[in-house]
Amino acid sequence: MIQKQALDILKLGHNVYVTGPAGSGKTFLLNEYIDFLKSKGVGVGITASTGIAATHMNGITIHSWSGLGIKDELSDKDMLELSKKRYLARRAEKTKVLIIDEASMLHSFRLDMVDMVCKMFKQNLRPFGGMQVVLCGDFFQLPPINRNGNDAIHFIDKSQIWQNMNLRVCYLDEQYRHNDDTLMQVLNDIRTNNVGEHTLEPLRKRYKGSIAGLTALTKLYTHNIDVDFINNKELEKLHGEAKMYSMDSMGNRKLVEILKKSCLAPEKLILKKEAMVMFVKNNFDKGYVNGTLGKVIDFDYEGLPVVKTFKGKKIIAVPESWRIEEDGNVKAEIVQIPLRLAWAITVHKSQGMTLDAAEIDLSKSFVEGMGYVALSRMRSLEGLRLMGLNKMALKVNKRISLLDKQLIEASEISACKLQALTSQEIERSQKTFLHSLMPKGRQEPSSTYEKTKLLVEQKLSIKEIAKRRGLSPGTIVGHLETLLSRRENCNLDYLRSVLPRDRFQKIKIAFEKTKDTRLSPVRKILGHSFSYDELRLARLFLGKKKII
């Protein structure tokens, strides 16, 4: 199934399981749907089973969103305690669509627990209290983690609610990462549990193999202890001056801590010239993605690292932001240089990354799917130096191989049902679903941005708009950025007078110096007497497009 078909099915309001091989664009599809829902003012719960996956969508873990935390079971007393938490009740009330990325890494009992909590807060016995639920994952990647020593793995397809959700399966089959037919065949052999000599032969050719033009490679290891030791040891070998970059944070303290733990960028990043680094965020405009490798070759006049990627592109690594958003509001935000030391990284933390070149050691693989995750990070086998395999490395769960065939068949049925509808029928049904998500009595969808726009048209101050909307001034500025990025007819000239002329000129000059739209470099020039909200407001009048 292609992404457009899957997006059409999502917009029809079905409960959906989005799946497909690594590199098929699953998270990209989720972000497309999330952006659509936000543009229509629909309350969407953006979650994932892991913190790393959640940061790719500006969301939080499903454990945090639901209030379950690390609980493995729910007693009547637990349910009573959860029911008293007003913030959870308000969150559930506002949420019309619940997204759970990397759902394949959830235990079956935990998905049932999320269902129970949603039903309780929604006071509705339909699955998840009547919300549309979008699950996304790939059962061939790392399985749920067992903490109690029990070897049994209970994937979510064995949950009670899975059987009652009337799921539409969208199995994406386009490939956006791999450009090597041999690698794709190796990965397909692993997925189909058909590993044999024909699979091992191309891998043997990459055993301790050289990679043209590269001497130092990022090493993927299975254990944290190996990764930390290598990175610290290699950094100490370099003789140049060390530069440290500290993470900035704003917003709810607990959510900020969640972001810090989930984000691959370290809280304190120490770099030297010649340090091997990896970008840990996607920025297609700048020319890097999560996993792009390079080397620090210099520091610019502001002290920002200049990275030369392994493809020869020079990039000044300016600070990026990671956010947790809910109902159009930024609840927490951290800002850091989007790099981490990359002599070594764990297989677990590599999920979601795309690597041009890597040295991979699977000799200590300890769980099914580990080899698949590691090898599927690669664009091609030419970029692979394989240091070892063990018997576990290329194994996948046999039951999952059988389930995968069922999911492919279910996806074909989903595609056929969609193709049976005319474009007019699809559009009409999508509008009907969207209308059903709106509060009763509202005839036309009106997004949170449109509400802000109506108050702007009354020429109210940002402070007054924030008061009337029950939002923070920073969130209102964010709405204005979105309205401008959509090229909405929105006259903000009256707000210019809020900024004293001399301060506005200083901000303007600072932006011109950085030749960028990011806030952190400008604030480093101007100092902490200039707030982020003030800089964002000024940016509205400088012809700068919105950057999140």
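The values are calculated or read from the model by the stated rules, or taken from the named source; none is laboratory data. Keep in mind that what you see is a predicted model, and the values were worked out from it rather than measured. Note: ideal-geometry Cβ built from the backbone for every residue, glycine included; neighbour counts use all protein chains shown. In case anyone asks, the SASA skips ligands and DNA or RNA and just uses the protein heavy atoms, side chains included. Shrake-Rupley method; radii C 1.70, N 1.55, O 1.52, S 1.80 Å.
Scanning segment 89-106 for residues that are over 20 Å from the mean Cα position of the chain (by Cα) and surrounded by 24 or more Cβ atoms within 10 Å (Cβ to Cβ) returns a single hit, 92. The condition (being touching a strand residue (DSSP E or B) at 6+ places or on another chain (Cβ under 7 Å), buried (at least 23 other Cβ atoms within 10 Å of the Cβ) and basic (Lys, Arg)) is satisfied by just one residue among 385, 377, 323: 377.
Do you know which of the residues in segment 283-292 that are part of a loop (DSSP other than H, G, I, E, B), of a type outside the set (Val, Ile, Thr) and closer than 18 Å to residue 176 by Cβ is modelled with the lowest pLDDT? Lay out the reasoning, then the answer.
Of all residues in segment 283-292, those part of a loop (DSSP other than H, G, I, E, B) come to 284-287, 289-292.
After this cut, where a residue has to be of a type outside the set (Val, Ile, Thr) as well, the list is 284-287, 290-291.
Those left that are additionally closer than 18 Å to residue 176 by Cβ: 284-285, 287, 290-291.
Values: 284: 65, 285: 72, 287: 79, 290: 74, 291: 73.
Per the criteria, the residue is 284.
The residues of segment 380-409 that are farther than 22 Å from residue 18 by Cα and outside any strand (DSSP E or B), listed by number, are 380, 381, 382, 383, 390, 391, 392, 393, 394, 395.
Are there strands (runs of 3 or more DSSP E) fully within segment 207-282 with at least 1 residues that are open to solvent by 40 Å² or more (accessible area, probe 1.4 Å) and at negative phi? List them.
Qualifying strands (runs of 3 or more DSSP E): 219-221, 243-246, 248-251, 268-271.
I need the full set of residues from segment 469-495 which are modelled with pLDDT of 80 or more and either open to solvent by 60 Å² or more (accessible area, probe 1.4 Å) or part of a loop (DSSP other than H, G, I, E, B) (or both), in order please. Correct list: 492 only.
Taking residue 113, is it open to solvent by 30 Å² or more (accessible area, probe 1.4 Å), more than 18 Å from residue 138 (Cβ to Cβ) and among the hydrophobic types (A, V, I, L, M, F, W, C)?
no
Beta carbons closer than 6 Å, at least 6 apart along the sequence or on distinct chains, pair a first residue in segment 263-283 that is farther than 14 Å from residue 320 by Cβ and among the hydrophobic types (A, V, I, L, M, F, W, C) with a second that is open to solvent by 30 Å² or more (accessible area, probe 1.4 Å) and not in a strand (DSSP E or B) for 270/242; 276/216. If you go through segment 496-542 and keep only what is open to solvent by 30 Å² or more (accessible area, probe 1.4 Å), under 21 Å from residue 461 (Cα atoms) and outside any helix (DSSP H, G or I), you end up with 500, 531, 541, 542. In segment 495-524, what residues are among the small types (Gly, Ala, Ser) and free of Cβ contacts under 8 Å to residues at least 40 places away in the same chain? Within segment 495-524, 497, 510 qualify.
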